[in-house]
1. Chymotrypsin sites (Phe, Trp or Tyr not before Pro), restricted to the stretch 33-103: which are DSSP loop and have at most 12 other Cβ atoms within 10 Å?
2. May I ask you to list the GluC sites (Glu not before Pro) in the stretch 56-114 that are in a DSSP loop and have at most 11 other Cβ atoms within 10 Å of their Cβ?
3. Relative to the present Cα-Cα distance, how much length would full extension add between H40 and S120 at 0.36 nm per residue of separation?
4. Please give the direction-averaged projected area of the C-alpha convex hull for the stretch 45-120, in square nanometres with one decimal.
5. Filter the cross-link list K45/K90; K49/K79; K90/K116; K45/K116 down to pairs whose alpha-carbon distance in this structure exceeds 20 Å.
6. Show me the trypsin sites (Lys or Arg not before Pro) within the stretch 35-69 that DSSP assigns to loop and that have at most 12 other Cβ atoms within 10 Å of their Cβ.
Amino acid sequence: MKVKVAGAFFLFLLCSPLISQPNEEDLQYSIILIGDAGEHRPFSKSVFKMASDRIRRSGKNSAVIFLGDNIYPLGLPTKENPERSKMEGKLSPQLEVIRNSEGRGFIIPGNHDWAKGRKSGRIHLLEHVSSSNKCNFPL
């Protein structure tokens with residue numbers, strides 16, 4: 001199933017330049033949606049750069065929304081956990097996209113971000129995200 005979905009998405013990316021795009025001057029608001037950003041893949045940096053470029057061009061009339069599963073596999077561990085800095089490294093590029101923009105940013109936690117439902121998942125994620133006053137964290 002993953003292969004079919006990935007293949008369909010890749011086909012969409014190939015065809016998207018052929019689809020009529022609106023003029024940037026005509027846009028009133030840009031919304032960028034990014035999902036599964038916490039499992040770094042070879043193209044992750046490119047996605048973050050494209051999102052940053054787009055939101056920078058759109059200025060304050062823009063938003064980026066991270067759609068969950070932002071920290072694989074079990075969310076952000078405690079500060080004492082030796083894996084903490086590695087997991088923060090998965091979330092930090094996402095927060096940078098938000099911090100470096102005039103627009104708004106939202107992070108919607110997925111099941112991995114909640115430590116798969118454990119109470120500690122929410123607490124540790126809130127600790128880290130609360131350091132950014134530009135980030136809206138709907139809980």
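Values in this text are rule-based calculations from the coordinates and carry no lab data. Computed from a predicted model, the values in this text were never measured in an experiment. Cβ sites come from the backbone with ideal geometry, for glycine too, and all protein chains shown count toward neighbours.
1. Loop-located and lightly packed - F43.
2. Of the GluC sites (Glu not before Pro), the ones in loops of the stretch 56-114 whose Cβ has at most 11 other Cβ atoms within 10 Å are E80, E83.
3. Working: separation 80, 0.36 × 80 = 28.80 nm, distance 2.29 nm.
Working it through step by step, the gained length comes to 26.5 nm.
4. Details: hull surface 20.4 nm².
Dividing the Cα hull surface by four gives the mean projection, 5.1 nm².
5. Numbers: K45/K90 11 Å; K49/K79 29 Å; K90/K116 17 Å; K45/K116 26 Å.
With Cα atoms farther than 20 Å apart: K49/K79; K45/K116.
6. On the way: sites: K45, K49, R54, R56, R57, K60; in loops: K60.
Sites meeting the loop and neighbour criteria: K60.
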